[in-house]
Every structure is written in C-alpha cells, then in structure tokens.
Amino acid sequence: MNPSDGPRFDSRSDAAKSLHSVRLEPEKCVGCTTCIKKCPTEAIRVRKGRARIIDERCIDCGECIRTCPHGAKKAVSDPLSLIAGYRRTIAIPAPALYAQFDERWSIDRLLSGLLALGFDEVFEVAEAAEIVTAATQELMKRADLPRPLISSACPAVVKLVQLRYPSLIPHLVPLLPPVEVAARIAKERLHGGEEGVGAFLVSPCAGKVTTARAPVGYERSALDGVIGIKDLYVPLRGVLGTAPERALSRAGRAGVEWARTEGEADALGERRSISVDGIAAVIGVLEALENEKLNDVAYIEALACPAGCVGGPLTVENPYIARNRLRNRAEALPPRAARAPYEAPSLAELAWTRPPAARRALALDPDMLKAMIMMEEMDLLASSLPGLDCGSCGAPSCQALAEDVVRGLASPTDCIFKLRENVRELAGKLLALEEIKPPGLDKE
Ligand code: SF4
Ligand code: SF4
C-alpha cells in the first residue's frame, strides 16, 4: 500500500498557497488580541494592529477560528472543481459528514448525493477506521510499547505532541490514520494504482488538509485533495432530494462512531481509556501523563475539536447536535462493516514508515552555543518584564515577548510598562540636563 505517482493537488487553489489550512483574513482582523491567548502553541502575534500566524508553530487545531470574535480566521480546503482533472474520482467521506444532515437522509442517500455531485465512487473513512481499530487492538497486546498509547488519528494532537510534549512521541499509536488507509485501499487495492484515479477526502478537519500535503508518520499521502464539508454542504443538500439512492454504505457502528468523542475507545473495547476533546483539555491530560500522574490508563483518545471530529472547523452543524445525530445514526447500523471486496491490509502495511520527530520550532538557534547565549538574554529580559502576561504587546505572554525580542522580531518597548519606564528615565535625564545648564543659557 504505497501511494502511486500522479496529479497532486491543485496548485492554483487557495489551500495550496500555504501548507497550513488555517489562515487570517487581514481585512477582518481588528487586532483585538483575543486569539493570541487561546493558541495552544503560542503561534499568533499581533503586530501593527493585525494578527499573524507563525507557520512553524501552527498545528491547525482551529482554536483561533472558534475564538476570534470577528471571524477573521478561516480554514481553507480544495475546491470541488479539482476533481475535473481526473479520469476517475473517489470520494472519501469522513463519518462526520453523516452528522451534518438530519436522520431523514440515510447514509446511503448522502453517499449517493456525492455521486450526483460528480464523484464516480465512494469509500467510507469509517470502514478504514474499523481496520485501524483491529490493528490497534493487536498493538495493545504488545508489552514492548509504552502505556498509555495515545491515538494518532487527530493530526493536531500528533503535532501538539511533537511541539510541546516530545517525550510522549513513543506513546503515539504508530499506525496510518483512517483517512489515509481509506485512500490507499480505494486507489491501490481496488484500482491497482491506475493512472488518473484521484481520491478526495470530504473532511471536517483543517489539520487533515495540511497532513495530506505534509504527512506525519509516512512519506506521502494517497489523497489527491481535501474538500471541506462546509464547501460541499449546500451543493449536496441541493441534490439529496433527487439523487437516486444506491446501497453504497458498508461501514458499521464501530467505524462511524469514530467521528465523536469516545467512539474510538468504544470501538477498541478498552475500558482503561481516557477520551478527551478540546485542545485545552487535551493539554491537561498530556501534562498529567508527562508528569507521571496517569496510572492504570492503557489508552488515550485525544481530539482537538469539541465533541470530536463532528466539531471540526470545516463542518456546519453545532458539534453537540452533530454528536447526538451520529449516535442515533450509528444505533441503526450493524456493529461492524460488511464483508469487504478486498484483502485487508496487514499490520506491517498500516505501520508508520517515518516516525515523527520532535519539532524544533521552539529552538532559538541551530547553533547550540548561540542558542544558549540567546536563552540567557531571553531569561534576563523576561525577568525585567512585569510578568502580567497582559497581551497588550501582541505576544501571548511576557516570556513570548522576550523570545521574540532575542529573535529580532520585537522590541522590549512593545511592552507598555517598559515603554513607560523608558519614557520616565528619559524625562529624568532631561530634567537633570536642565539643572546643569551653564548660567545664562536660560536667558532669551
Ligand atoms: S481574535 Fe485575533 S484574528 Fe480575530 S480580530 Fe482579534 S486579533 Fe484579529
Ligand atoms: S490553528 Fe491552532 S495552532 Fe494554529 S494559529 Fe490557530 S490556534 Fe494557533
């Protein structure tokens, strides 16, 4: 199961202009600094009245989209028109799609609607999720892996671990995520890696737009594009009433429920697991693990979005309504997927081929000596700042401002307290000068 060569992503699309899916819409930003405090990796600065995202630190968690009161952050994905460049196209719908529509529309009808929009086939991510569940159950039997294992299905969580908790990298489940497994089965198992066949994820998630271009854990993705659910929602709604319904759905309850928090752990059947959603709560759990406070936990299902993938920034429905819908839909499904018309990939085929490394975005300089000198300067400056973390300098904390200063990206006087201190000092010097003026100079 190796992704074959062929046309790759539309270089003209908005999503392709940067590796990241989460972007700023500068004309909407008023520089209010609300977002800088919420970013889990301190990836945002406000300078000259506008926010700016530091690419190396962004994990595409979408938190800034949720918190910006002015709608100045957005997640971009590929346009549906991208499929026109392929001889045969396969839609790879994430199960979160099913939760965007009320139960009046069956899963078969939603999948048939995708065909009416121009796709030739569908392959459900939920079906691949069941394959990943079975492989994870095998890994859980191995005594040589650390406990707890941390799910690697959420790309934002994997990047968060790389950036903030590198000591936890060995805990990540070393398997391809379901979206990638789905694309590989659809293209390679079912089409023999034929030229001109494209696989397009229908995604709730900004992070998956990014990992399709720059995968973590493997060299190359089999996906040829990632289309946001929010961009397909209106056209899909438009064809649901008229598209002939075909029996296309094969996934069972176990795979479909991966789209909500606790779904993955339920499918795994591991009772000693923690399921956590929302980036702040995920950080709390990872910190507890790093501080060796989690005893007797075998598995952590960690999802950056509220309520799980159903709450991704590329969805349209309220996350909690969507989660409820998904539960209702799943209850009517068989426990597992119907028998598949292909040979299931082996554990070796599902394994990571390039385990993730610690991300060095936080390193001050590649030269160790230089980095140590900068670190000293940074600590000295930080200790002279008021420690209020007020954000009025445009950095999320006094420590972050000190770091920006030693990197040459900010000035100490961006801090209003430092500025006031400097002005007071200057005024004092001017007064002193006044006092030592030679006699006669003050006369007109
Ligand atoms: S929250 Fe951030 S992006 Fe939104 S307006 Fe304020 S500074 Fe700009
Ligand atoms: S997407 Fe997440 S990591 Fe990236 S800038 Fe926004 S809040 Fe920060």
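Could you give the distance between the Cα centres of region 197-214 and region 149-179, to the whole Å?
17 Å
Short version: what are the Cα gyration tensor semi-axes of region 22-75, square root of 5 times each eigenvalue, largest first, in whole Å?
15, 12, 10
In the Gaussian network model of the chain, springs joining C-alpha atoms below 10 Å, which of Glu270, Glu425, Glu317 carries the largest mean-square fluctuation?
Top of the fluctuation ranking is Glu425.
To the nearest 0.05, what FRET efficiency results for Arg87 and Lys37 with a Förster distance of 41 Å applied to their C-beta separation?
According to the calculation, E is roughly 0.25.
Which value, in Å² rounded to 10, gives the accessible area of Cys309 with a 1.4 Å probe and all protein chains present?
30 Å²
Hey, which aspartates and glutamates would be in cross-link range of Lys38, C-alpha to C-alpha under 19 Å, not counting anything within fewer than 8 residues on its own chain?
Within the straight-line limit of under 19 Å, Lys38 reaches these aspartates and glutamates: Glu25, Asp55, Glu56, Asp60, Glu63, Asp277, Glu287, Asp389, Glu403, Asp404.
Explain nothing, just compute: Karplus ³J(HN,Hα) = 6.51 cos²θ - 1.76 cosθ + 1.60, θ = phi - 60°, for every residue of region 279-292 in order, whole Hz, x for Gly and Pro.
5, 5, 5, 4, 4, x, 5, 5, 5, 4, 5, 4, 8, 6
May I ask which residue of Leu388, Pro366, Met378 lies farthest towards the positive end of the charge dipole of region 363-435, with charges of +1 (Lys, Arg) and -1 (Asp, Glu) on Cβ and the Cα centre as origin?
Leu388
So which of Lys73/Lys293; Lys230/Lys293; Lys187/Lys230 end up more than 31 Å apart by C-alpha?
Correct reply: Lys73/Lys293; Lys230/Lys293.
Around Asp277, which amide H atoms from residues at least 5 apart in sequence, or from another chain, sit under 5 Å from its own amide H, with H modelled in the peptide plane?
Distant-sequence amide H within range of Asp277: Leu303.
Give me the percent of accessible area attributable to carbon and sulfur for the chain, probe 1.4 angstrom.
54 percent
Let's see if you can work this out: charge +1 on each Lys and Arg Cβ, -1 on each Asp and Glu Cβ, no other charges. What is the dipole magnitude of the chain about its Cα centre, in debye to the nearest 20?
700 debye
Projected onto the charge dipole of the chain (+1 at Lys/Arg Cβ, -1 at Asp/Glu Cβ, origin at the Cα centre), which of Pro166, Leu236, Pro146 gives the Cα projection farthest towards the positive end?
Leu236
Under 19 Å from the Cα of Lys429, which lysines turn up, not counting those fewer than eight places away in the same chain?
Output for Lys429: Lys418, Lys437.
Contour minus end-to-end for Val316 and Leu426, with contour as 0.36 nm per residue of separation and end-to-end as the Cα-Cα distance?
That works out to 34.1 nm of additional length.
Could you please put Ile373, Ile92, Ile274 in sequence from largest to smallest accessible area, using a 1.4 Å probe?
Largest accessible area first, the list is Ile373, Ile274, Ile92.
Do you know the relative contact order of the chain, to the nearest whole percent, from alpha carbon pairs under 8 angstrom that are 6+ apart?
20 percent
Let's see if you can work this out: charge +1 on each Lys and Arg Cβ, -1 on each Asp and Glu Cβ, no other charges. What is the dipole magnitude of region 363-435 about its Cα centre, in debye to the nearest 20?
Result for region 363-435 is approximately 160 debye, rounded to the nearest 20.
What list of ³J(HN,Hα) couplings, whole Hz, do you get for region 153-162 from phi and the Karplus terms 6.51, -1.76, 1.60, once you set θ to phi - 60° and write x for glycine and proline?
Karplus values, whole Hz, x for Gly and Pro: 6, 8, x, 5, 5, 4, 5, 4, 4, 4.
Tell me the Rg and the Dmax, in Å, that the Cα atoms of the chain produce.
Calculated on Cα positions, Rg and Dmax stand at 25.5, 103 Å.
Check each of the chymotrypsin sites (Phe, Trp or Tyr not before Pro) in region 288-342 and keep only those in coil by DSSP with at most 15 other C-beta atoms within 10 angstrom; list them in order.
Tyr342
Which aspartates and glutamates does Lys48 reach when only Cα atoms under 14 Å apart count, and residues fewer than 8 places away in its own chain are ignored?
Glu27, Asp414
What figure, in Å² to the nearest 10, do you get for the accessible area of Arg50 with a 1.4 Å probe and non-protein molecules left out?
For Arg50, the solvent-accessible surface is approximately 100 Å².
Hey, what's region 212-350 come to in accessible area per residue, 1.4 Å probe, Å²?
Result: 45 Å² per residue.
Which whole-Hz ³J(HN,Hα) couplings does region 311-320 yield from phi under the Karplus relation 6.51 cos²θ - 1.76 cosθ + 1.60, θ = phi - 60°, glycine and proline marked x?
Here the 3J(HN,Hα) series is x, x, x, 9, 9, 10, 8, 4, x, 7 Hz.
Which residue fluctuates most in the GNM of the chain (Cα springs below 10 Å): Arg360, Arg323, Arg57?
Result: Arg360 has the largest fluctuation of those listed.
Would you work out the charge dipole size for region 22-75 about its Cα centre, treating the Cβ of every Lys and Arg as +1 and the Cβ of every Asp and Glu as -1, and quote it to the nearest 20 debye?
Dipole about the Cα centre, nearest 20: 220 debye.
Going through region 365-426, which trypsin sites (Lys or Arg not before Pro) have at most 12 other Cβ atoms within 10 Å and a DSSP loop state?
Qualifying residues, ordered by number: Arg407.
The values are calculated or read from the model by the stated rules, or taken from the named source; none is laboratory data. Small disclaimer: the values here were computed from a predicted structure and weren't measured. Neighbour counts are summed over all protein chains in view; Cβ atoms, including those assigned to glycine, are modelled from backbone coordinates with ideal geometry. Remember, those area values only see protein heavy atoms, side chains included, never the ligands or the DNA or RNA. Shrake-Rupley method; radii C 1.70, N 1.55, O 1.52, S 1.80 Å.
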